[in-house]
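The values are calculated or read from the model by the stated rules, or taken from the named source; none is laboratory data. All figures in this text were calculated on a predicted structure; none of them were measured in a lab. Every residue, glycine as well, gets a Cβ built from its backbone with ideal geometry; the counts of neighbours run over all protein chains shown.
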Amino acid sequence: MMSANNEMHKVDHIRCSHVGEHCATSPGPAKIVVRDFHAGFGETQVLRNVSLDIYPCQRLAIIGPAGGGKTTFLRSLNRLNSLEHDFRHSGSILLDGQDIFASNVDVARIRRRVGMLYAVPIPLPLSIYENLTYGPRLAGIRDRHRLDELVETSLKSAILWDEVKDRLREPAHNLSGGQQQRMCLARVLALEPEVLLLDEPCSGLDPISTAKIEDALDELKSRYTVVLVTNNTKQAARASERTAFFLMGEMIECGPTAVIFTNPRHGRTSDYITGHFG
Amino acid sequence: MRASQGMPKRSPLGAWLDRKQDLFISSILLVVALSAISGLVVITAFIFKEGLPIMLQVGVGKFVSSSDWYPAEGHFGIFPMIMGSLAVTAGALVIGGVLGLGCAVVLTQFCPRWAVSILKPSIELLAGIPSVVYGFIGVVILVPMIRVHLGGPGLSVLASSIVLGIMMLPTVTSISVDALQAVPKAYRDGSIALGATHWQTTRMVILKASRSGLVAAMILGMGRAVGETMAVIMVAGNTLDVPDSILAPVRTLTSNIALEMGYAAGDHRKALFATGVVLFVIIMILNTIALTVSRRRSRRKSGA
């Protein structure tokens, strides 16, 4: 399964050479294609008619005021919303052309390919080492050396290795908040995913930890498709290639970050970016 | 009175009364709390005062290790009863613990909400059934079943364990459910987002995170099993032998007291109190062990 993932990466690298520029209308080979996606919980409609392409090896920032459906959209991409018993949706989300809501889909495998980092770090009640090997073990990797190697490389990618290499057996709860979030990033990377979903990953962190996370993400952008939900428009401007603006459950517009921030097509977008509301 | 009429400003008198009222209520609460504790102290003191002299007279070692219980001849050895209580409690813990924990996992992790709203109250309803009814059902249905299918007299360790296991279900289940529900939902999301299935998440994360609560559930269930008397008397057989198999009849410490209290006098009566002392000590030891385990686990979990 993991070797299949590695092959996916190679394919991604090839695809990265001809990335499209425009949302929804672009003919380029998108990693994730969202079409006419509606979603809600029980009686509440959260997302309306979202159509969006997410291109490989690019960082897409999703901005917008609270309650706009950003997180719901993100949690749809790895089917985490399906855990809620009253979740309902229509429309489609295709990952490499495969409908992730199809009944014959292995959901656990989708979640390994589409890794997620939460706003609040969630260290599982295990040691640091066990946290990192949790996903790979479930994916069927048993070989000690392979696991050790995964732990080391993913901790290095998350810029945490030097701080924790001598205390891998300690409970993950002992780490500071910023370290915990980087450990959670490393834990996702240990799955060797293709897509990274980041749900306001720095909202609870101090500026130094935020900088470390952003540095780590910057290093990773060439290898992963990244979707970053953020309330921090500055972060969106500096840490993404494309930006989508969500408002009241609808996607108002989406385009290259430089265009969205300098010359948006919609008045609501520029109002939000310049801080007139939200 | 003026203070309670919703006036925005307090007179100095009103404020003084409020302070006094606080003091008054907190001292009443203190008295209530102390009287609850004093109940425990008085009962303990009484049991020890009545039971300890005869234990010392017989010899503590002989009292707990001898198998001769002939009150008329002055032989007081309760070793069979101690073994009986331990065997029955261990059996009940296996049956009630496994069933209760299983119920709790299903109810909290794998059940739609409407099913939980039916199943949880029905399990809790078990606590409302009088123990004599459990014993009666045990005698009428369980005991003959064991006698016919497994052999032996039917009145046995096994029968008592099953009856007690079912009796402790509501305790074990509802406390385990609370412990499992106390696990932050984020753990579930975090684990599932890493590609774990629901069952893998439950087994590797949720059960682990709630372990100290689950141990507490087992302790309290065990307490119920050790102390239960009526149902056990009815299905245990009450012979004075050390049980040599799960099909053998037994007498527990509690049954011994209940069965003989009616006609006991003098040293015999005191020996029954001494039985109570031993029961008391056993329960204390069990609780201490279990508490230490749960405390050590929770400390390791929080990583302090």
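Table for the structure above
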item: Which listed residue is more than 14 Å from chain A (Cβ to nearest Cβ) and farther than 25 Å from B:Leu86 by Cα, from B:Val177, B:Val139, B:Val172; result: B:Val177
item: Boolean, A:Arg146 is within 14 Å of chain B (Cβ to nearest Cβ), among the charged types (D, E, K, R) and either surrounded by 19 or more Cβ atoms within 10 Å (Cβ to Cβ) or over 26 Å from A:Ala30 (Cβ atoms) (or both); result: no
item: Qualifying position, being within 14 Å of chain A (Cβ to nearest Cβ) and modelled with pLDDT under 90, among B:Ser294, B:Ser302; result: B:Ser302
item: Selection within the range B:178-205 - of a type in the set (D, E, K, R) and touching a Phe, Trp or Tyr at 6+ places or on another chain (Cβ under 8 Å); result: B:Asp189
item: Among (1) of a type outside the set (D, E, K, R); (2) modelled with pLDDT of 85 or more; (3) more than 29 Å from A:Glu192 (Cβ to Cβ) - the single one A:Pro256 does not satisfy; result: (3)
item: Matching entry among B:Ser67, B:Ser131 (being over 26 Å from B:Leu220 (Cβ atoms), in contact (Cβ under 8 Å) with a residue 24 or more places away in the chain and under 27 Å from the mean Cα position of the chain (by Cα)); result: B:Ser67
item: Test: residue in the range A:55-72 that is at pLDDT 85 or above, touching a strand residue (DSSP E or B) at 6+ places or on another chain (Cβ under 6 Å), surrounded by 14 or more Cβ atoms within 10 Å (Cβ to Cβ) and within 14 Å of chain B (Cβ to nearest Cβ); result: yes
item: Residues of the range B:11-65 classified as in contact with a strand residue (DSSP E or B) (Cβ under 8 Å, 6 or more places away or on another chain) and either at pLDDT below 90 or farther than 30 Å from B:Gly266 by Cα (or both), total; result: 1
item: Matching residues in the range A:123-141 - criterion: being of a type in the set (A, V, I, L, M, F, W, C), in contact with a Leu (Cβ under 8 Å, 6 or more places away or on another chain) and either surrounded by fewer than 24 Cβ atoms within 10 Å (Cβ to Cβ) or facing another protein chain (nearest Cβ under 9 Å) (or both); result: A:Leu138, A:Ala139, A:Ile141
item: Criterion: surrounded by fewer than 17 Cβ atoms within 10 Å (Cβ to Cβ), in contact (Cβ under 8 Å) with a residue 24 or more places away in the chain and more than 30 Å from B:Phe273 (Cβ to Cβ) - qualifying residue of B:Leu23, B:Leu52, B:Leu101, B:Leu126; result: B:Leu126
item: Residue in the range B:257-268 that is crowded, with 20+ Cβ neighbours inside 10 Å and either hydroxyl-bearing (Ser, Thr, Tyr) or on the phi < 0 side of the Ramachandran plot (or both) present; result: no
item: Answer from B:Leu247, B:Leu291 - the residue that is under 26 Å from B:Val98 (Cβ atoms) and part of a helix (DSSP H, G or I); result: B:Leu291
item: Residue in the range A:94-122 that is nearest to the other protein chains (Cβ to nearest Cβ), counting only those that are assigned to a strand (DSSP E or B) and more than 16 Å from A:Leu196 (Cβ to Cβ); result: A:Gln98
item: Residue list for the range B:185-205, restricted to those being among the β-branched types (Val, Ile, Thr) and either more than 9 Å from chain A (Cβ to nearest Cβ) or under 18 Å from A:Pro121 (Cβ atoms) (or both); result: B:Ile192, B:Thr201, B:Thr202, B:Val205
item: Inter-residue pairs, beta-carbon under 7 Å, first within 14 Å of chain A (Cβ to nearest Cβ) and in the range B:208-231, second part of a loop (DSSP other than H, G, I, E, B) and among the β-branched types (Val, Ile, Thr), 6+ apart; result: B:Ala209/B:Val183; B:Ser210/B:Val183
item: All positions within the range A:162-178 that are in a helix (DSSP H, G or I) and either free of Cβ contacts under 8 Å to residues at least 24 places away in the same chain or aliphatic (A, V, I, L, M) (or both); result: A:Asp162, A:Glu163, A:Val164, A:Ala172, A:Asn174
item: Answer residue from the range A:40-54, given it is of a type outside the set (S, T, N, Q) and without any contact (Cβ under 8 Å) to a residue 60 or more places away in the chain and is surrounded by the fewest Cβ atoms within 10 Å (Cβ to Cβ) among those; result: A:Glu43
item: Test: A:His89 is facing chain B (nearest Cβ under 9 Å) and out of contact with any helix residue (DSSP H, G or I) (no Cβ under 6 Å at 6 or more places or on another chain); result: no
item: Failed criterion for A:Ile273 (all others in (1) at pLDDT 90 or above; (2) touching a helix residue (DSSP H, G or I) at 6+ places or on another chain (Cβ under 7 Å) hold); result: (1)
item: Filter result for the condition that a residue is modelled with pLDDT of 90 or more and assigned to a helix (DSSP H, G or I), over B:Ile233, B:Ile283; result: B:Ile233
item: Identity of the residue in the range A:73-90, farther than 14 Å from B:Ala193 by Cα and outside any strand (DSSP E or B), that ends up modelled with the lowest pLDDT; result: A:His85
